[in-house]
Amino acid sequence: MAAPARKRSGAQAQPPARKGARRAPTIPLTVSRPELLVNGSDAEFRQLVHNLFGFMALHERIRAGHGKTMGLAGVEYTVLISILHLAAKGEVNVKTVADHLHLSGAFITTTTRKLLQLGLIHKTMDTVDRRRVTLTVSSKGRAALEKLAPIQRRINDTEFGCLSREEFRALNSLLERMIACGDRAVALQTYLLSGNTPEDLDAID
């Protein structure tokens, strides 16, 4: 007589752990704020960080492609188009661009020197204070950006095509706040890697 069939459950039974089996090592948390932990885990935080890396890697490829159309590196293209757009709001100098892009003044000085050599921008010295230099995009630079614009619009529309108007504005606001937090995090890292300890910081506070 055949044995009665066993009732099958939806989940496969797991074999009991063997005695003496090694437990998986505990991974230290990378954040401690309750707002960033889900059920005591930082897995979603790590996913967020890695998603940011992934998006920025793709965006950097796009930016490099834009720059390549005019013989520039990606960041050089960004400085050029930033000067054009900032100039619509007022006078532009090295500090204006550095603050806008969150880059050092020395880096912007080096980059604008190359753009000047390529004839893509003009530098105009103040007649009274020769230390004061105004940056403007030349007709050659403007022509290069205007030639790129139709392709750029299609690519940008596709890259951010998943966002609604509300999501776009919310994301922009979030990023501004995250950049401010990032500035503080960089300052903290510099402080701690200089041989100071979190306890030293607590003492200052």
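The values are calculated or read from the model by the stated rules, or taken from the named source; none is laboratory data. Given the structure is predicted, the values throughout are model-derived calculations rather than measurements. All Cβ positions, even for glycine, are placed from backbone atoms using ideal geometry, and neighbour counts span all protein chains on display.
Taken together, the criteria exclude Leu86 from residues that are at pLDDT 95 or above, exposed (fewer than 13 other Cβ atoms within 10 Å of the Cβ) and under 23 Å from the mean Cα position of the chain (by Cα). Scoring Ala144 on the criteria (1) within 26 Å of the chain's Cα centre (by Cα); (2) loosely packed, with under 12 Cβ neighbours inside 10 Å leaves a single failure, condition (2). Of all the criteria given as (1) out of contact with any Ser or Thr (no Cβ under 8 Å at 6 or more places or on another chain); (2) surrounded by 13 or more Cβ atoms within 10 Å (Cβ to Cβ); (3) acidic (Asp, Glu), the one not satisfied by Glu91 is (1).
Is it true that some residue in region 182-192 is hydroxyl-bearing (Ser, Thr, Tyr), free of Cβ contacts under 8 Å to residues at least 12 places away in the same chain, over 21 Å from Met56 (Cα atoms) and not assigned by TED's automatic domain parsing to the domain that holds Lys68? Yes; the residues of region 182-192 include at least one that is hydroxyl-bearing (Ser, Thr, Tyr), free of Cβ contacts under 8 Å to residues at least 12 places away in the same chain, over 21 Å from Met56 (Cα atoms) and not assigned by TED's automatic domain parsing to the domain that holds Lys68.
Each row is one residue, and each column tells you yes or no for (1) among the small types (Gly, Ala, Ser); (2) modelled with pLDDT of 95 or more; (3) buried (at least 16 other Cβ atoms within 10 Å of the Cβ).
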{"residue": "Ile108", "(1), (2), (3)": "no, yes, yes"}
{"residue": "Asp126", "(1), (2), (3)": "no, no, no"}
{"residue": "Cys181", "(1), (2), (3)": "no, yes, no"}
{"residue": "Ala187", "(1), (2), (3)": "yes, no, no"}
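The lone criterion from (1) within 18 Å of Gly67 (Cα to Cα); (2) surrounded by 12 or more Cβ atoms within 10 Å (Cβ to Cβ); (3) over 25 Å from the mean Cα position of the chain (by Cα) left unmet by Ile155 is number (3).
Residues in region 71-94 that are over 19 Å from Lys123 (Cβ atoms) and in contact with a helix residue (DSSP H, G or I) (Cβ under 7 Å, 6 or more places away or on another chain): Ala73, Gly74. Among the residues of region 162-171, those identified as surrounded by 10 or more Cβ atoms within 10 Å (Cβ to Cβ) and in a helix (DSSP H, G or I) are Glu167, Phe168, Arg169, Ala170, Leu171. Counting the residues of region 55-81 that are surrounded by 14 or more Cβ atoms within 10 Å (Cβ to Cβ) and more than 16 Å from Leu116 (Cα to Cα) gives 7.
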